[in-house]
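The values are calculated or read from the model by the stated rules, or taken from the named source; none is laboratory data. Fair warning: this is a prediction, and the values are worked out from it, not measured in the lab. Neighbour counts run over all protein chains shown; Cβ positions are idealised from the backbone, glycine included. Please note that ligands, DNA and RNA were not included when accessible areas were found on the heavy atoms of the full protein model with its side chains. Shrake-Rupley method; radii C 1.70, N 1.55, O 1.52, S 1.80 Å.
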Amino acid sequence: MLQQINSQELPYYEIPEAPANYTAGTVAGRMIDGLGFRYYWATEGLTEKDLAYKPGEKTRSILDTADHILVLSIMTLSALEKTDMVFPKQGSLSFKEMRKMTLENFKKSSDILKKSKDLSEYVMKIKRGNGEVAEYPFWNQLNGPIADAIWHVGQIVSFRRSAGNPLPKGVSLLTGKVRK
């Protein structure tokens, strides 16, 4: 059985209060808050059996999908921190560690964005196999890693339902709160 971390130790048990003002940065940060909340609950209470589940031979398992979401969170945070992307070695993290890192990456990304005055300063740099570095403006974060992570969180929700372990009751995706 998986060890669970106390929900108060991880971000996104609930969505933080909305910023007072609408700016490009606060809207983008809030989008990541929604992603973090969804990821938190999509991955809460998963068992070893759930993590191994995949709906077909040629699809990712829930664990593989969570690992991919971690990579996407690193891509976003690296651009926002203006650092090189450094990915953990495949299989080096437990699911618990992977989940914690992903949630913390989302929170850090959201915090940076909410304080930002100019999203154009966040350039995503991807080093290709041939050594060349491709650069992408923040726009590509929205339709790239952020949207892709949302997509894959939905897959985890679908896969866990298929595996017989639906989302915990009381989670309101609209309000970002948990009904007790």
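Distance from the C-alpha centroid of the range 25-66 to that of the range 71-110: 14 Å, rounded to the whole angstrom.
What number comes out for accessible area per residue over the chain if the probe is 1.4 Å? Units Å², please.
On the way: 10190 Å² over 180 residues.
Result: 57 Å² per residue.
Per-residue 3J(HN,Hα) values for the range 79-89, derived from phi via the Karplus relation 6.51 cos²θ - 1.76 cosθ + 1.60 with θ = phi - 60°, read 5, 6, 8, 6, 10, 5, 6, 10, 9, x, 4 Hz in sequence order (x marks Gly and Pro). A quarter of the convex hull surface defined by the alpha-carbon atoms of the chain gives 11.2 nm² as the mean projection.
Calculate the dipole size of the chain relative to its Cα centre from +1 charges on Lys and Arg beta carbons and -1 charges on Asp and Glu beta carbons; express the result in debye to the nearest 20. Spell out each step's value before the answer.
Numbers: 25 positive and 20 negative charges, 90 e Å.
It comes to approximately 440 debye.
For the residues Gln90, Gln141, Gln155, a GNM of the chain with alpha-carbon springs under 10 Å puts the largest fluctuation on Gln90. Bridgeable lysines around Lys49 (alpha carbons under 30 Å apart, same-chain partners fewer than 8 residues away excluded): Lys58, Lys89, Lys96, Lys100, Lys107, Lys169, Lys177, Lys180.
If you roll a 1.4 angstrom probe over the protein chains with everything in place, what fraction of the accessible area of the chain belongs to carbon and sulfur, to the nearest %? Write out the running numbers ahead of the final one.
Details: 5560 of 10190 Å².
Looking at the chain in its full context, I get 55 percent from C and S.
Amide hydrogen proximity for Val171: with H placed 1.01 Å from N in the peptide plane, the residues at 5 or more positions away or on another chain lying under 5 Å are Arg179.
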